[in-house]
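Let me begin by presenting the structure, written as structure tokens, before commenting on it.
Here, each number is a calculation from the coordinates, and none is a lab measurement. What you see is a predicted model, and the numbers here were worked out from it, not measured in a lab. Counting neighbours? That spans all protein chains shown, and the Cβs are built from the backbone with ideal geometry, glycine included.
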Amino acid sequence: MAIVNINSFDDLIKLVKSHDYSNFIYRGEDSSKYELRSSFGRDQLSSPQNTQSLERSYFCEFKRKATPYLEYDSQNDLDWLTVAQHHGLHTRLLDWTSNPLVAAYFSTKKIQNEDSILYALDTRKIKDANNIVNPFDIDQVYIFQPRHITRRIIAQSGLFTIHPKPIDIFTHPALERIVIKKQARADIYILLGVFGINEFSLFPDLQGLSSTLTENWIR
């Protein structure tokens with residue numbers, strides 16, 4: 001897996017320019033020690049009781065109870081997984097974005113004295129999931145580009161990878177590790193705000209607005 005170090009906002013822009021814009025997707029994490037494993041995979045790692053049978057059962061319970069709160073009609077389990085993931089349910093999905101600046105925001109938003117990381121993935125090397133029927137019955141990692149059924153997907157240029165064994169760490173020759181050095185994090189975060197990448201732009205609701213106003217106004 002290729003590793004690149006970022007020491008400034010200019011380094012970040014140069015890296016993005018080196019990629020084929022239409023084929024790369026990105027994921028940002030606030031620690032360079034983070035391993036690519038879905039939220040339900042982390043649950044499985046913490047307890048053997050969190051089986052894939054349990055995953056299906058509590059996903060069905062989510063679908064049963066969530067219907068009155070939906071903004072759009074979910075047509076299949078891929079739609080339902082999208083809604084569940086974006087509202088905090090632990091799933092076999094990993095969030096990605098086609099916008100590298102969005103990923104950089106999630107990588108730098110916390111104040112921490114350690115390196116953070118972006119993962120870049122060349123989508124030409126991963127199959128598309130839009131024709132699969134059952135996301136719980138797959139034998140390889142797929143990329144899924146969801147319908148725009150939540151505002152957050154649109155705001156964050158969001159898409160997903162779906163993982164057949166959530167507990168497994170996702171590794172692939174098409175992955176690139178981009179380490180944002182700790183001394184560059186604050187400057188990159190500030191400049192992202194100048195270019196309109198902030199909590200409100202990525203979470204376009206009252207909570208996102210409140211978070212952004214608090215950060216910008218309270219000293």
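Key figures
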item	result
Once the Cα gyration tensor of the range 1-79 is diagonalised, semi-axes √(5λ) in Å	35, 20, 11
The range 74-96-the range 19-41 distance, computed between alpha-carbon centres (Å)	17
Extended-chain gain in nm, criterion 0.36 nm per residue less alpha-carbon gap, Asn113 and Asp205	30.1 nm
In degrees, nearest ten, helix 77-86 long axis to first principal axis of the chain (Cα)	40
Projected label distance in nm at Ser46 and Ile154, using a 7 Å step from Cα toward the beta-carbon	3.4
GluC sites (Glu not before Pro), loop per DSSP, at most 15 other Cβ atoms within 10 Å - longest free stretch of the chain	115-219
The chain: angle of helix 206-217 to the longest principal axis, Cα-based, in degrees nearest 10	20
The range 135-219: chymotrypsin sites (Phe, Trp or Tyr not before Pro) in DSSP coil with no more than 12 other Cβ atoms inside 10 Å	Phe195
Cβ-placed point charges (K, R +1; D, E -1), dipole of the chain about Cα centre in debye, nearest 20	160
Approximate spin-label separation Arg124-Asn216, in nm, with each point projected 7 Å along Cα-to-Cβ	4.0
Label-point separation in nm, Ile190 to Gln140, each point 7 Å along Cα→Cβ	4.6
Quotient of Cα Rg and 2.2 N^0.38 Å for the chain, N being how many residues it contains	1.03
Loop-located trypsin sites (Lys or Arg not before Pro) in the range 1-105, at most 11 other Cβ atoms within 10 Å (DSSP)	Lys33
